[in-house]
Each structure stands twice: as C-alpha cells, then as structure tokens.
Amino acid sequence: MDFLDKLKNLMIMALADGSLTQSELEFLSDRSVQWGLTEADFTAAVEYALSDRAELQIPPHKKDRVELLQDLLRTMAADGHLAETEKRVFAMAAAVMELPDGELDEIIDSVQ
C-alpha cells in the first residue's frame, strides 16, 4: 500500500465523526511529511475522504494491516475523543482483516 492510500485511510477515520480538529489535522500533516507526501497529495486525500466514493483500502499484507490499525487508533486518539462512528470504522476494518483471537488486543495495547 502506498503512502497516499495510507493517508486517505487515516483521513477517512479523522472525518468519520463529521469534523476535523486541529490536533487531527496536525497528526495527519505530520504523517504526510513523514511519508514524503506533497501538499497536493494531502489535498487529494481530504477530497477523497469527503467524497461519496471514500472507503478504507485494506492492505493485502499482514504487516501493513497491523500498521494501518495502529495508525487508525492514533488518528482516533489525536483529538482526545473517541466518537462512536470512529469506533465503528475501526471495528469494521478489524473485522474485514480477520485477525486471530487476541491479536487485535495486542495491536491496541501496542499503540501509545
């Protein structure tokens, strides 16, 4: 999964509750810079997340799936509030990934 697709996924999570807070924006901006994405990429991710076609892209490889879940959790926590819609998006993503018993708990515990 490329970095732009990762950013799109995180943007979908950040906007799941209908708003984008300053702390979420800063977190996503930091990730964008870390991944070497441009301002145009950031704008494209926002536009995608706000569009009718927005949907999480589940990576094919387990390592990428774990990283995605960790980043989704960090995005959810960025504003200090866990909205029900964010929890549902996360639960849906985790369910689609069909993780073995206990692994989801390990992933959640690994995020700081």
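Throughout, read-outs are computed from the coordinates displayed, never taken from laboratory work. It should be emphasised that the depicted structure is a prediction, and the values quoted were computed from it without experimental measurement. Positions of Cβ are generated from backbone atoms using ideal geometry, with glycine treated the same way; all protein chains shown enter the neighbour counts.
The table for this structure:
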| quantity | calculated |
| --- | --- |
| Ellipticity estimate at 222 nm from DSSP helix runs (n ≥ 4, -39,500 (n - 2.57)) divided over the chain, nearest 500 | -21500 deg cm²/dmol |
| Using alpha-carbon coordinates, inclination of helix 84-97 to the longest axis of the chain, degrees | 60 degrees |
| With Cα atoms, 0 to 90° folded angle of helix 22-34 axis to the chain main axis | 90 degrees |
| Rounded tilt (10° steps) of 3-15 against the dominant C-alpha axis of the chain | 90 degrees |
| For the chain, with +1 on Lys and Arg beta carbons and -1 on Asp and Glu, the positive-most of GLY18, ALA91, LEU4 along the dipole | LEU4 |
| Sorted by Cβ density within 10 Å, fewest first, the residues ARG88, ARG53 | ARG53, ARG88 |
| Global geometry of the range 49-112, whether rounded, prolate or oblate, following the gyration tensor of its Cα atoms and the 1.5 cut on a/c | oblate |
| HN-Hα J in Hz across the range 38-54 - Karplus 6.51, -1.76, 1.60, θ = phi - 60°, x for Gly and Pro | 8, 4, 5, 4, 4, 4, 4, 5, 4, 4, 5, 5, 8, 7, 5, 8, 5 |
| The chain - charge dipole about Cα centre, Lys and Arg +1 at Cβ, Asp and Glu -1, debye rounded to 20 | 140 debye |
| Unit charges at the beta carbon, dipole of the range 3-110: most positive-side option, GLN70, PRO100, LEU50 | LEU50 |
